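Peer 1: Provided herewith is a single structure, encoded as structure tokens, for subsequent inquiry.
Since every read-out is calculated from the coordinates, none of them should be taken as a lab result. Keep in mind that this is a model prediction, so the values were computed, not measured. When we count neighbours, we look across all protein chains shown, and the Cβ atoms used for this are built from the backbone with ideal geometry, even at glycine.
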């Protein structure tokens with residue numbers, strides 16, 4: 001049986017079809033032979049802004065577990081367990097089903113428990129308690145995939161009480177690359193309120209990465225016109241040049257980002 005049939009049904013949260021395929025002999029632990037490396041549980045729970053999770057995904061998790069899916073297997077490009085994926089996408093009933101199946105081994109590429117709690121879309125009061133318990137001077141500024149716990153709390157989840165707690169614990173809003181640089185990996189859904197929160201918390205909007213690029217350069221490269229306008233409003237310098245001598249407007253023109261070009265032309 002083709003693995004794609006099961007994986008497609010899992011992604012859609014089509015529990016009856018998943019159950020039918022598993023009964024017919026589909027492998028509940030088949031890892032997709034792609035760079036994404038999803039298991040059926042991973043495919044069910046992987047986060048997509050454009051494909052929100054629903055009750056069918058919870059029933060799909062139940063069906064997979066009934067048929068022998070291993071809840072300890074890491075999968076997807078994030079190497080997350082099914083519980084970690086459920087927490088990341090905020091599907092609480094699935095997280096409750098999977099919570100006790102967490103392996104004792106740490107994440108293979110360095111994601112910490114604090115990072116996951118900060119990035120989790122599970123209810124903020126629960127995550128606030130977890131962050132209070134986990135925050136320490138070392139973990140609070142850990143960076144995984146170019147993002148700190150603080151950047152994930154504000155950009156991925158819009159959990160600003162969690163962000164407040166991280167700041168109290170010593171989170172540095174200027175650590176690492178800017179949230180616009182991190183958004184190349186994460187495509188933050190709550191980018192604009194995150195920018196405003198970070199700027200009010202001491203982030204230097206004109207800070208630079210090793211290539212001399214500011215957040216405004218990166219917003220121009222990505223074509224994020226709303227972010228361009230917000231950054232300029234917050235004091236970003238539209239005339240700043242990177243190590244190649246390019247301004248943000250030059251960058252937008254180089255990468256053919258018309259909305260960003262328009263926003264930056266007005267800021268000039």
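Peer 1: In percent, how large is the relative contact order of the chain, given Cα pairs closer than 8 Å and 6 or more residues apart?
Peer 2: RCO, the chain: 10 percent.
Peer 1: On to the next question. Can you give the Rg/Rh ratio of the chain, where Rg is from the C-alpha atoms and Rh is the Kirkwood radius?
Peer 2: Rg/Rh for the chain comes to 1.03.
Peer 1: Enumerate the residues in the range 1-29 having an amide nitrogen under 13 Å from the point lying 7 Å beyond the Cα of residue 48 toward its Cβ.
Peer 2: Zone members listed by number: 7-14.
Peer 1: Sorted from fewest to most neighbouring beta carbons within 10 Å, what does the list 89, 184, 10 look like?
Peer 2: In order of increasing Cβ crowding within 10 Å: 184, 89, 10.
Peer 1: So for 207, 120, fewest C-beta neighbours within 10 Å to most, what's the order?
Peer 2: So the residues, fewest neighbours to most, are 207, 120.
Peer 1: Kirkwood-based Rg over Rh for the range 3-101 (C-alpha set), two decimals?
Peer 2: Value, to two decimals: 0.91.
Peer 1: As a check on your grasp of the helix formula, calculate [θ] at 222 nm for the chain: sum -39500 (n - 2.57) over DSSP H runs of n ≥ 4, divide by the residue count, round to the nearest 500.
Peer 2: Mean residue ellipticity, 222 nm, calculated: -14500 deg cm²/dmol.
Peer 1: Helix 3-12 versus the longest principal axis of the chain: what is the Cα-based angle in degrees, 0 to 90, to the nearest 10?
Peer 2: 60
Peer 1: What is the gain in length, in nm to one decimal, between residue 160 and residue 145 on full extension, counting 0.36 nm per residue of separation less the C-alpha to C-alpha distance?
Peer 2: Taking 0.36 nm per residue and subtracting the Cα distance, the gain is 3.3 nm.
Peer 1: A follow-up question, please. To the nearest 0.05, what FRET efficiency results for residue 79 and residue 211 with a Förster distance of 25 Å applied to their C-beta separation?
Peer 2: Result of the calculation: an efficiency of 0.35.
Peer 1: Which ordering of 121, 43 is given by a fewest-first count of other beta-carbon atoms within 10 Å?
Peer 2: So the ranking, lowest neighbour count to highest, is 121, 43.
Peer 1: Does anything in the range 4-36 have its amide N under 15 Å from the 7 Å Cα→Cβ label point of residue 70, and if so which residues?
Peer 2: Inside the label zone: 27-32.
Peer 1: For the range 113-267, just the Cα set please: Rg and Dmax, both in angstrom.
Peer 2: Answer for the range 113-267, Rg first and Dmax second: 15.6, 47 Å.
Peer 1: Which of 57, 107, 217 ends up with the largest GNM mean-square fluctuation for the chain, with Cα atoms connected below 10 Å?
Peer 2: 107
Peer 1: Okay, moving on. If I model a spin label as a point 7 Å beyond the Cα along the Cα-Cβ vector, how far apart are those points for residue 187 and residue 5 in nm?
Peer 2: 2.9
Peer 1: So how tilted is helix 191-200 from the main axis of the chain? Cα-based, degrees 0 to 90, rounded to 10.
Peer 2: 50
Peer 1: While we're here: What residue among 144, 255, 115 has the largest mean-square fluctuation in a Gaussian network model of the chain, using Cα springs under 10 Å?
Peer 2: 255
Peer 1: Measuring from label point to label point, each 7 Å out along Cα→Cβ, what is the residue 20 to residue 196 span in nm?
Peer 2: 4.8
Peer 1: Given the Cα atoms of the range 1-54, and with Rh set as the inverse mean 1/r over their pairs in the Kirkwood sense, what is Rg to Rh to two decimals?
Peer 2: 0.95
Peer 1: Picking from 142, 178, 77, which is most flexible by a Gaussian network model of the chain using Cα springs under 10 Å?
Peer 2: 77
Peer 1: Express in nm, to one decimal, how much length is gained between residue 62 and residue 174 on full extension, taking 0.36 nm for each residue of separation and deducting their alpha carbon distance.
Peer 2: Extra length available between residue 62 and residue 174 comes to 36.1 nm.
Peer 1: Working out 0.36 nm times the residue gap between residue 268 and residue 27, then minus their Cα-Cα distance, what length gain in nm do you get to one decimal?
Peer 2: Working: separation 241, 0.36 × 241 = 86.76 nm, distance 5.80 nm.
That pair, residue 268 and residue 27, stretches by 81.0 nm at full extension.
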